[in-house]
Every structure is written in C-alpha cells, then in structure tokens.
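Here is the structure we will look at.
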C-alpha cells in the first residue's frame, strides 16, 4: 500500500465544498487517490494537491522504480462527449476540453521545481523521469470504445497506442492501474538513480496546497445542465397547461350556451400558451444545437414514411439530413450491449437496408429490449464520432 499524502486537505476541501460541481470533482479525486494508495506498492508516494511552482496538479506519484507521474482526474459522463481526437481533445456539448494538454502543462513546471529545490537534479536532468496521464472517473473504457469505435479505428496504430498510454478509465481498468502508471511516459527505459534518501527528501520539501483549485469545466457543465433542467420543467408545465385547456375546451363544447367573452378568453389563453411554447422550444433548441453547422432543411416526402396508423417515421438513409433534430424511427435491434458500470445501453438498429447506432443512457426509462426486437425509437440525431454517418441519442422506446 502506497503512502498517501495530502488526503486530509483533499477531504477537508470536499467537506467544505458548497457547490455540487465542486463536490463532484473533489469526490472523484478522493476516490482515485484512495484507490491509487491501495493499489500501488509501499515504496511509492501518492501526493494530492502538491504545489509545483504556481501550478497544482491533482496528483503526483513518486516511485523509486520509475520516477514521477503527474495525474489529472476527470469525473465525466459519456453523454457529455460528442467527439474525440487522438491528441486528447474532447468535443463536448458545452465546448472543447483537453485534459491531456492540461496535465502535460505541469511537466515543465515540475522539472523546474526539482532543479531549483534539489541539488541532486542539477546533475541528473529529471525531465526524462516525468510521465503524465489522465484518469477518468464516471465513464468506462467499454462504453467509450463502443461510442467512438468507428473514429478510433480510423486512427493510425501509433496515435491509438499513445492515446491509451496516457488515458485510463478507472471504472473498468482498476486491475491495470499499476502497470499503466509506470508506462505512462515518453521515456520508458530511463535508468533511474533515485534512492530512498533522495525520494524522502523530495517528498519532505513538497508543499501540500490547503485550498484546492476547482476545475472550471465542472462549473460550466453544471450551469448548462441547470439551464436544461429549467427549460425541461417549463416545457412540462406548458404541456400540462395545454392539456388543461384541451379538457376545458371539450367541456365547453358540450355546453349549448357559450358566451362570446368566454370564447375570447379561451382563444387568448391558447395564443398565450402557443407563444410560450415557441419561446421555450426556441431556447431549448439554442442550448442543444448552437454551434451546429448548416441550416435546417424542409422535410421532403422521401425523408419521412407515414404509416397506416398516422405515425411518421424517418427513413434511415435520410437521417444524415436530420442532425440536431428530434426524430422517430422504427427499426430492428441487431446488436445490444449493456454496460453494467454506467447503466448505458448501446444498440445497432436496422430498417432492413441501412443501420444506425443508438445510445440509451441510464436515466432513460425503456421497456426490456432483446436482439431481434422491432421497436420505435425517438431521440436526437447527432453526427457519428468519426464523421461517417449519424447516431441517435434515444429518449423514448415503445413497441
């Protein structure tokens, strides 16, 4: 079991945190720190919130076997990520982030700190002893690989290997963490001269920051989620109001004598309700679709198929024209995968000629699904992660 320094400060920051977004980040860091301390060998130090010059990495691991490893922790759900790049960029619904660049930015600062504070490193350049990685909490490698499989397969082998050398998914890679951290470096064959005396001196001089710098992206994500929740709530209330108007209208139609004033009031209410719907839906579309390239096109007859019962389903071969739209499709489930860690369901649907990938997140209530079932799926169409085709984020499934 490794020696965990800075845990008390990290725990205090978590206990003092007021905003949910701050708690989310700190809770993940505490969990990752506890796991690293438990998994890594006893001659290793896990240091939380170290002060490296003016910077503050999430963790610094120091080992006499392989030197220094800087670690950035991200607590992120797969549903936020729209696209990935082999250089570590994550394109999310609320902007791009690159945790890999973030943790790499600490390398030079750590080197300068070591050279400035330890005579030992004036003789031996510590740069080749420093590695770095990102540890994800909140999403699994299985769902990550599934969602972005087509894009990842388009990377060349070197880029793909480098990506996974520096990115670990704690949910389902816990057994790999020891070897992963050791190999998370550009210089795997460095001959270390870092004995116990040197190591203990480094650890003793390192300061633990009493105050944790909160990652700004948690705040951004939380604010956007809050806006979406507010709009969703308003839409729900408007739907209830419209239903109430419909009931009142049916009751009014059953009465023979309806005053003109009553008619005017009802019409006025309907106009107000309709206006509210337009405003709310416009705001809803703005949040979800702003930044999406292209303009909406009118639905042509060959895009939608109208069934005998009056339901309209989008044809699979025209879904690429519906990016950003909420659509309904009917298809057979040819592949079904359930990720037990996240509760996310991944499906492949077909209409007999064309296929589309579908994703159902944990909080979406759906009936029991088997491969071979033909069901009706409603959800938002978005570009596939490698730009080849589209996928649907499902919000409703019915028979």
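Values quoted throughout were computed directly from the atomic coordinates according to the rules given, and no laboratory measurement underlies them. Owing to the predicted nature of the structure, the values given are computational and were not obtained by experimental measurement. Positions of Cβ are generated from backbone atoms using ideal geometry, with glycine treated the same way; all protein chains shown enter the neighbour counts.
Please give the residues of the stretch 146-175, grouped as numeric ranges, whose backbone N is less than 11 Å from a label point set 7 Å along the Cα-to-Cβ vector of residue 31.
Those under the cut-off are 170-172.
Residues of the stretch 147-186 with amide nitrogen under 15 Å from the 7 Å Cα-to-Cβ point of residue 87?
The answer is 156, 159-160, 163, whose backbone nitrogens lie closer than 15 Å to the label point.
For the stretch 59-105, count the residues as N, evaluate 2.2 N^0.38 Å, and divide the Cα radius of gyration by that value, please. Kindly include the intermediate steps, with their values, before the conclusion.
Details: Rg = 13.4 Å, N = 47, 2.2 N^0.38 = 9.5 Å.
In units of the 2.2 N^0.38 Å rule of thumb, it is 1.41.
How far apart, in nanometres, would the label points at residue 54 and residue 117 be if each is projected 7 angstrom from Cα along the Cα-to-Cβ direction?
Label at residue 54, label at residue 117, 1.7 nm between them.
Between residue 335 and residue 109, what is the FRET efficiency for a Förster distance of 51 Å, r being their Cβ-Cβ separation, to the nearest 0.05?
Numbers: r = 46 Å, r/R0 = 0.91.
Rounded to the nearest 0.05, the efficiency is 0.65.
Based on other C-beta atoms within 10 Å, arrange 146, 314 from fewest to most. Let's see the in-between values first.
Working: 146 18, 314 22.
Going from least to most buried by this count: 146, 314.
Could you tell me how far the Cα centroid of the stretch 168-186 sits from the Cα centroid of the stretch 358-376, in Å?
Cα centres, the stretch 358-376 to the stretch 168-186: 32 Å.
At 0.36 nm per residue, minus the direct Cα-Cα distance, what do residue 350 and residue 156 gain on full extension? Give it in nm, one decimal, please. Intermediate results must be reported in sequence, preceding the final value.
Values: separation 194, 0.36 × 194 = 69.84 nm, distance 2.93 nm.
Residue separation times 0.36 nm, minus the Cα-Cα distance, leaves 66.9 nm.
Using a Förster radius of 41 Å, what is the FRET efficiency between residue 125 and residue 77 based on their Cβ-Cβ separation? Nearest 0.05, please.
Details: r = 40 Å, r/R0 = 0.98.
For residue 125 and residue 77, the calculated efficiency is 0.55.
What is the Cα coordinate range of the stretch 3-214 on the first, second and third principal axes, sorted by size from largest, in whole angstrom?
Principal extents (largest minus smallest coordinate, Cα): 49, 43, 29 Å.
Treat each spin label as a single point 7 Å out from the Cα along the C-beta direction, and report the residue 145 to residue 211 distance in nm.
4.3 nm
Which distance in Å, rounded to a whole number, links the C-alpha centroids of the stretch 1-70 and the stretch 92-118?
Comparing the Cα centres of the stretch 1-70 and the stretch 92-118, I get a distance of 15 Å.
Using Cβ counts within 10 Å as a stand-in for footprinting exposure, how do 129, 1 rank, fewest first?
Details: 129 23, 1 11.
Ordered by Cβ neighbours within 10 Å, fewest first: 1, 129.
Once you have all Cα-Cα distances for the stretch 324-399, histogram them in 10 Å bins from zero and send the whole-percent values.
All Cα pairs, binned at 10 Å, distribute as 19, 58, 22, 0 percent.
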